[in-house]
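In what follows, a structure is listed as structure tokens, so that the remarks can point back to it.
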Amino acid sequence: EVILVDTPGLSDPETSVEAIHAEITRGVALIAAEHPGARFAILLVASIAARVDGPVVEAFDSLRQVFGPRFARSSLLVLTHADLLTTSASEYLAGSGPAVADFLSQLGGAPLEICNRPAEEASRAIARLVERAAPVSASASALAPPPPRRKAA
């Protein structure tokens, strides 16, 4: 069983990073308790309509605070509005700079493109997400954040 973890609002300037992290943590904990053997894949959703750049990568990278240092290997970049591309997603992202390229190299797989126009049939899009997410998924314990460091006395 693979659980897809969406990261809603991650780049939303009107919501604090702490609030977003708390909501993602709460959701994962609830699901992990109900499905103890499940494997999780984190979906990093970005739109082609907006620029995938340093601030977007920083927002995604902040998930290390939630899932620990290995989270990227269990993550997939999902690019929506891929119908707007005039090149491949790889070519589009190649022009985004070294910070984006470095982050993408750490992810569990190549970006998954979702077309919005004409609307991709939802069941087909979900099937593609699950197919791509299964190989990179990890147990909840593998995605647990590192324990807080104790302050030296």
Q. Is it true that residue 80 is of a type outside the set (Lys, Arg) and within 23 Å of residue 113 (Cα to Cα)?
A. yes
Q: Determine, yes or no, whether residue 42 is assigned to a helix (DSSP H, G or I) and of a type outside the set (Gly, Ala, Ser).
A: no
Q) Looking at this structure, is residue 59 among the aliphatic types (A, V, I, L, M) and farther than 22 Å from residue 105 by Cβ? A) no
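With respect to residue 9, is the statement that it is without any contact (Cβ under 8 Å) to a residue 40 or more places away in the chain and buried (at least 16 other Cβ atoms within 10 Å of the Cβ) true?
When the stated conditions are applied, residue 9 passes them.
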Q: Could you list, in sequence order, all residues of the stretch 76-121 that are open to solvent by less than 50 Å² (accessible area, probe 1.4 Å), of a type in the set (A, V, I, L, M, F, W, C), over 26 Å from residue 21 (Cα atoms) and assigned to a loop (DSSP other than H, G, I, E, B)?
A: 85
Q. Just checking, how many residues over the stretch 50-75 are open to solvent by 30 Å² or more (accessible area, probe 1.4 Å), touching a residue at least 12 places away in the same chain (Cβ under 8 Å) and outside any helix (DSSP H, G or I)?
A. 4
Q: For the stretch 13-34, name all the residues that are in a loop (DSSP other than H, G, I, E, B) and open to solvent by less than 60 Å² (accessible area, probe 1.4 Å).
A: 15, 16
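The values are calculated or read from the model by the stated rules, or taken from the named source; none is laboratory data. All values reported here derive from a predicted model rather than from experimental measurement. Note that we place each Cβ from the backbone using ideal geometry, even for glycine, and neighbour counts take in every protein chain shown. When the accessible area is computed, the model is the full protein with side chains, heavy atoms only, and any ligands, DNA or RNA have been set aside. Shrake-Rupley method; radii C 1.70, N 1.55, O 1.52, S 1.80 Å.
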